[in-house]
Amino acid sequence: MSEEKREESQEETKPQEEEKAEAEAHTEHGDEKPVEDKEAHASSSHAEGHGPAVGVYTAIFAALSVFTLLSFAFNGAMQSGMISAMTSFALIMGVAVIKACLVAIVFMHLMFDWKRVYFMIIPAIVLGLLILIVLLPDIVLGWKSVAAHELTPP
Amino acid sequence: MAHAVQEEKRLHMGLPIPNGKLAMWLFLVTEIMFFTALIGTYIVLRNGQPIPVHDLVAGMDQDGNGEIARSEARGEIADLFEHGDQDNNGSLSEHEVGQIASVLSLPWPSPHQVHLIEWIGALNTFVLICSSFSVVLAHHAITHGDVKKTTIYITITLALGAVFLVVKAFEYNSKFSHHILPGYVFDRLDGSRGAQYLAKVQAELTEIKEHADHVSAEAAADCDKLLRELTAREKEGLRSLTPEELGLRVNALLEKHPDLHLTPVIPWGNMWASCYFAMTGFHALHVLGGLVVFAIILLMAFFGTLGAQHAGLIELTGLYWHFVDIVWIFLFPLLYLV
Amino acid sequence: MSVHETKVHEEHHELSFIQKYIFSQDHKIIGIQFLFSGLIFLVLGGVLALLVRLQLGWPHADQGWLGQILDWSPAAGQRMSPEQYNTFFTMHATVMIFFVIIPLLTGAFGNFTIPLMIGAPDMAFPKLNMMSYWFMWPGFIIMLLSFSLGVAPGGAAGAGWTSYPTLASIGMPVGGGAESPAAPNSGWGQILWLLSLIFVGVSSMMGSVNYITTIINMRAPGMTLFRMPLTVWGMFITAILQAFALPVLTVALVLQTLDKTISTTFFLPPGVLEFGNWTTNPGGGQPILWQHLFWFYSHPAVYIMILPAMGIVSDVISTFSRKPLFGYRPMVYAICGIAGLGFIVWGHHMFQSGMDPRLGTGFMIATIMIALPSAVKTFNWLGTTWRGNLHLTTAMLNALGFVALFVIGGLSGLFMAATPVDVFIHDTYFIVAHIHYVLFMSSLFGIFAGIYYWFPKMFGRLMNETAGKVHFFLTFIFGNMTFYPMHLVGAAGLRRRIFDPTMTGFESNVQFLNQFMSVSAFLLGAAQLIFAVNFFYSLFWGKEAGRNPWRSNTLEWTTPSPPPHGNFEVTPVVYHGPYEYSVPGMEDDHVMQTRKLEGVPVGAGH
Ligand code: HEM
Ligand SMILES: [Cu+2]
């Protein structure tokens, strides 16, 4: 995942060993080791206390604004016929995904918390995509092939 | 029987995050599922519509076949107006036909048809992004123990959220005034809906005729022509207009004179309105919920109880607020752009 | 975040009666509240079931005094009307699923056992826990109100617990009164049904967030995930299922509510439907969408209704076999496997709904795969009892009943999972047989096992074993007599959800079986009185239980019965898994999880 890469690059300041050990204890089921309370709290308040600097937030904010303009521009380009509807759809949705990731990673502190919450987020995304994909054959393709005159009363 | 171990250090099992944060993320997971189901419903319903131009054409051309590609259907409409005008007076120019066809062959109402203004959506996106920014700043401030700054940022966030809702309210208002509401839009004209549509447009045209001074001369003339066509065809021994034909005419008129008070035909308009109100409505409810929490935080600040110990609370509120922002980041392009 | 630390010291804080028993934040009291409301609704659901059986057994008979009580018009031979019949079976299923099985399994046992079994003083969020109980009440009340003709003139919801559009979803005529044109009892009754379930859903969602947080973050020192009893595992996975599946149902319910009230068109097909001189709003949506959304929740929901019971049964069987659970880890993986697969099989309810055949094949394969983890569990239960020192207490009997009957229910599931077979048996009594083998004969036996097992912990007294055994055997026998023939009549073609089962020749042929099932059902209902009497008698006059009447290993048995507010006198420390029974070389045949063993080999893996 791209998020993981990001995480690595931005996390250098953290005391890595403890975190790693913890993470391992959790992933290898059962060999989970009790963590001392102090440590636990230390590491969590660590993430909360020293969030990214205001500069990082501002940069992300600027990026989000630019991306919003960008999607607006793509739409304009489509309307004036410069790019096809398909291309603009792909571009606009791509921009939306990037924006959502930026918000999630920086503003929602996933850059720190990802390894503690990924086990909830990944299934949610997988299931969300799954339901969409499974609905496609029935509701999109199935109905598309119904001849219109079958739907229109004689 | 748990004796002899008091001296052992207190140990913490589980994840190194506070319960509140874990629960908030779980809640957000349920929210992810909620909005995926809602948005997914929209996506599949929108893409699942049988090609609507055939429904409209079907009224005129009983051979309408769902397999025909859309461009062909476009050609059919053009054909119909070009060659099928024995009973048609050839009232539309070829250019107009092209325009109508392009509007009608959209598989879903265009923002323009349903009076959705793109830049307003973009503005609202920007407003929410700003509010997300201010809420992270608030969190940043409170972790540094700066209650005053926190209060200011939370106030800004609250204000921005309110702006979002106000803009939304204006948008809803325009939907109400144009009758773009579930169940009100004329999207299919079969059965009794067709008769209703004929009657409704006739009344509207009559109204325009009576107050001809409210509209431009050209528009009045066009309307008058349509009204006469609607009423007078029988005398001339021609079959009367079908609701579908009338719909095409009205839509063309509206292309030309957008200010006329006429009811257009909007293919899948009811479905559009259903999805639009369900999705934006639930999003707006979430915004409202966030505003309530911000108001509570401000009250705490007002009574002087807000302090660095509330960093967790503000972080959790922020998480929720960012999530609401993310939902809008997807709703905006899906509803307004693509 | 440190409920953990503060709660323990609050023990002696005096609480008023209302704080203690009504708006309680103590997980044990909340669990018991769920238990009582679930049992009360069990009675209501049971009565509705008997009314359904009455009609099916004797569709043409005059119902005499019963007809008079229920105001069935003499003109129609004092029989229920078809609409009433629809209401009865719809509400029977709704009440049983949403107000009985789910609240009992997750609400009652989940609340009561989770903190006790993982060694926590309470749930992570006691207030949220209280709210999750009190959010059930608007649901209860709205659903009960819908029975009142003053509120829902057409009668309570009658479109089946699945509420398929278009019958259920057609909008109400604007200004046209409270009866929907599609069917009188799909009017206000249906709207109330939807609202009620939205409340129940919100309640479950709060519960599930709370359970997951508690299990992840509140475990006692040493209680690693793989030292948790299977009950807790069952609850954990169930809560996860709820967290992921319920929002989708909520969306479906909300959209149908909008369809019915403000004429949106999500589930109305394109075109206009005509009913006499009234037409629906022009549609544009798709009815099958409801089925997808509904089953995306409701198939995981059937596992929500069985996984906790499986957990309970595992604990009970291991305890009363005095043997370690056979294959603890495979059991855990099987639960996870069932849950994971449970998300990709929902289409097996839609084989006959005009679903894309390509999807059908995928769903068929996935569904049949679920038999694997289910079989793993069954074999492991059997393996646990193998050569065990069986103590046939009532709890154990119920657990064994669960295992036996779950096999039958699972096997009938396999028949239905095969698309070509399902084409014939879909919507027949075969399905009804399956439902009742898995839900009544399995989940409810699991619940009974749990009640007999934890009753001493909940109330400090033992239930009467003799009455319990009589209750078990009668339920087992009459239950099978009631539900087994459903397989036969289903295979013979008897459709489910029909008012008059003698309408066609092939259905009349099996009418004698219908009568047999109805008689058995009445006997089955009567047998439950024994349970009710036993329950209330033991509540006050049962034998004092002491801390650990069953000599079990898990943490809840280290506390006094009933446990005080805050649960544990000292935060327990856990040294090994929960199933160390009959450890070789030990005097005692059980080793509490808090007991440190030195030099004695403790079962592999945990
Ligand atoms: C081996 C595991 C199982 C398999 C293969 C299986 C398969 C199926 C299939 C294919 C159907 C649809 C039949 C039809 O409508 O034509 C069905 C219905 C049903 N199943 Fe299962 N099932 C299994 C276990 C369970 C369990 C454990 C429960 C509940 C605790 C359950 C509850 C239900 C219910 C309530 C229905 C009926 C839904 C309705 O009203 O239409 N099943 N099952
Ligand atoms: Cu299923």
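Inspection of the stretch C:379-395 finds a residue satisfying the criterion of being at pLDDT 95 or above, surrounded by 22 or more Cβ atoms within 10 Å (Cβ to Cβ) and of a type in the set (A, V, I, L, M). Scanning the stretch C:104-129 for residues that are open to solvent by less than 10 Å² (accessible area, probe 1.4 Å) and in a helix (DSSP H, G or I) yields a count of 15.
Does any residue of the stretch C:454-472 turn out to be more than 21 Å from C:K377 (Cα to Cα), in contact with a Lys or Arg (Cβ under 6 Å, 6 or more places away or on another chain) and in contact (Cβ under 8 Å) with a residue 12 or more places away in the chain?
Let us first name the residues in the stretch C:454-472 that are more than 21 Å from C:K377 (Cα to Cα), namely C:454-472.
With in contact with a Lys or Arg (Cβ under 6 Å, 6 or more places away or on another chain) added as a condition, the list becomes C:462.
From what's left, in contact (Cβ under 8 Å) with a residue 12 or more places away in the chain: C:462.
Yes; the residues of the stretch C:454-472 include at least one that is more than 21 Å from C:K377 (Cα to Cα), in contact with a Lys or Arg (Cβ under 6 Å, 6 or more places away or on another chain) and in contact (Cβ under 8 Å) with a residue 12 or more places away in the chain.
One residue alone among C:F351, C:F326 is away from ligand 1 (no atom under 12 Å from the Cβ), hydrophobic (A, V, I, L, M, F, W, C), more than 14 Å from C:I237 (Cβ to Cβ) and more than 10 Å from chain A (Cβ to nearest Cβ), and that residue is C:F326. From the set of residues in the stretch C:275-293 that are within 11 Å of another protein chain (Cβ to nearest Cβ) and of a type in the set (A, V, I, L, M, F, W, C), which is nearest to the chain's Cα centre (by Cα)? Among those residues, the one meeting the criterion is C:L293. Considering each residue of the stretch B:122-170, count those that are buried (at least 23 other Cβ atoms within 10 Å of the Cβ) and more than 21 Å from A:M108 (Cβ to Cβ), and give that number. Count: 0.
Please determine whether any residue of the stretch C:167-175 is within 16 Å of ligand 1 (Cβ to nearest atom) and either of a type in the set (K, R) or in a loop (DSSP other than H, G, I, E, B) (or both). Yes, there is a match, as at least one residue in the stretch C:167-175 is within 16 Å of ligand 1 (Cβ to nearest atom) and either of a type in the set (K, R) or in a loop (DSSP other than H, G, I, E, B) (or both). Condition test on C:F455, is it at pLDDT below 95, more than 20 Å from C:H299 (Cα to Cα), assigned to a helix (DSSP H, G or I) and more than 16 Å from ligand 2 (Cβ to nearest atom)? Taking the combined requirement at face value, the residue does not satisfy it. Only a single item in (1) in contact with a Gly (Cβ under 7 Å, 6 or more places away or on another chain); (2) within 15 Å of ligand 1 (Cβ to nearest atom); (3) open to solvent by 10 Å² or more (accessible area, probe 1.4 Å) is not met by C:Q291, and it is number (1).
The helices (runs of 4 or more DSSP H) falling completely within the stretch C:332-442 that include 1 or more residues that are under 30 Å from C:F499 (Cα atoms) and within 14 Å of ligand 2 (Cβ to nearest atom) map to C:394-417, C:419-425, C:429-435. Would you be able to tell me the number of residues in the stretch A:71-122 that are modelled with pLDDT under 90 and assigned to a loop (DSSP other than H, G, I, E, B)? Within the stretch A:71-122, residues that are modelled with pLDDT under 90 and assigned to a loop (DSSP other than H, G, I, E, B) number 5.
From the list C:A545, C:A491, which one is under 30 Å from C:T231 (Cβ atoms), at pLDDT below 95, in contact with a strand residue (DSSP E or B) (Cβ under 8 Å, 6 or more places away or on another chain) and among the aliphatic types (A, V, I, L, M)? I'd like the intermediate steps shown before the answer.
Numbers: C:A491 fails: under 30 Å from C:T231 (Cβ atoms).
That would be C:A545, the only listed residue that is under 30 Å from C:T231 (Cβ atoms), at pLDDT below 95, in contact with a strand residue (DSSP E or B) (Cβ under 8 Å, 6 or more places away or on another chain) and among the aliphatic types (A, V, I, L, M).
Just one of the listed residues (C:G160, C:G139) is within 16 Å of ligand 1 (Cβ to nearest atom), under 20 Å from C:L249 (Cβ atoms) and within 26 Å of the chain's Cα centre (by Cα), and it is C:G160. Of the residues making up the stretch C:329-343, those that are open to solvent by 10 Å² or more (accessible area, probe 1.4 Å) and more than 13 Å from ligand 1 (Cβ to nearest atom) are C:R329, C:P330, C:Y333, C:C336, C:G340, C:F343.
Within the stretch C:265-282, the set of residues being over 14 Å from C:A168 (Cβ atoms) and open to solvent by less than 10 Å² (accessible area, probe 1.4 Å) comprises C:T265, C:G271, C:P282. Of C:N553, C:N534, all but one fail to be out of contact with any Phe, Trp or Tyr (no Cβ under 8 Å at 6 or more places or on another chain) and at pLDDT 85 or above; the exception is C:N534.
Hey, does the stretch C:422-432 have a residue that's more than 24 Å from C:T231 (Cβ to Cβ), more than 10 Å from ligand 1 (Cβ to nearest atom) and either crowded, with 24+ Cβ neighbours inside 10 Å or not aromatic (F, W, Y) (or both)? If you could, list the steps in order and put the result at the bottom.
The first filter runs over the stretch C:422-432 and keeps only residues more than 24 Å from C:T231 (Cβ to Cβ), leaving C:422-432.
Still in the list and also more than 10 Å from ligand 1 (Cβ to nearest atom): C:429.
With the extra rule that they be either crowded, with 24+ Cβ neighbours inside 10 Å or not aromatic (F, W, Y) (or both), the set shrinks to C:429.
Yes - at least one qualifying residue is present in the stretch C:422-432.
Condition test on C:P330, is it in contact (Cβ under 8 Å) with a residue 40 or more places away in the chain, touching a helix residue (DSSP H, G or I) at 6+ places or on another chain (Cβ under 9 Å) and closer than 23 Å to C:T394 by Cβ? So C:P330 does not fit the description; no.
Applying the set (1) assigned to a loop (DSSP other than H, G, I, E, B); (2) surrounded by fewer than 14 Cβ atoms within 10 Å (Cβ to Cβ) to B:L181 leaves exactly one unmet item: (2).
The values are calculated or read from the model by the stated rules, or taken from the named source; none is laboratory data. The model shown is predicted, which means the values in this text are computed figures rather than measured ones. So basically every Cβ, Gly included, is an ideal-geometry build from the backbone, and we count neighbours across all protein chains shown. With ligands, DNA and RNA removed, areas are computed over all heavy atoms of the protein, side chains included. Shrake-Rupley method; radii C 1.70, N 1.55, O 1.52, S 1.80 Å.
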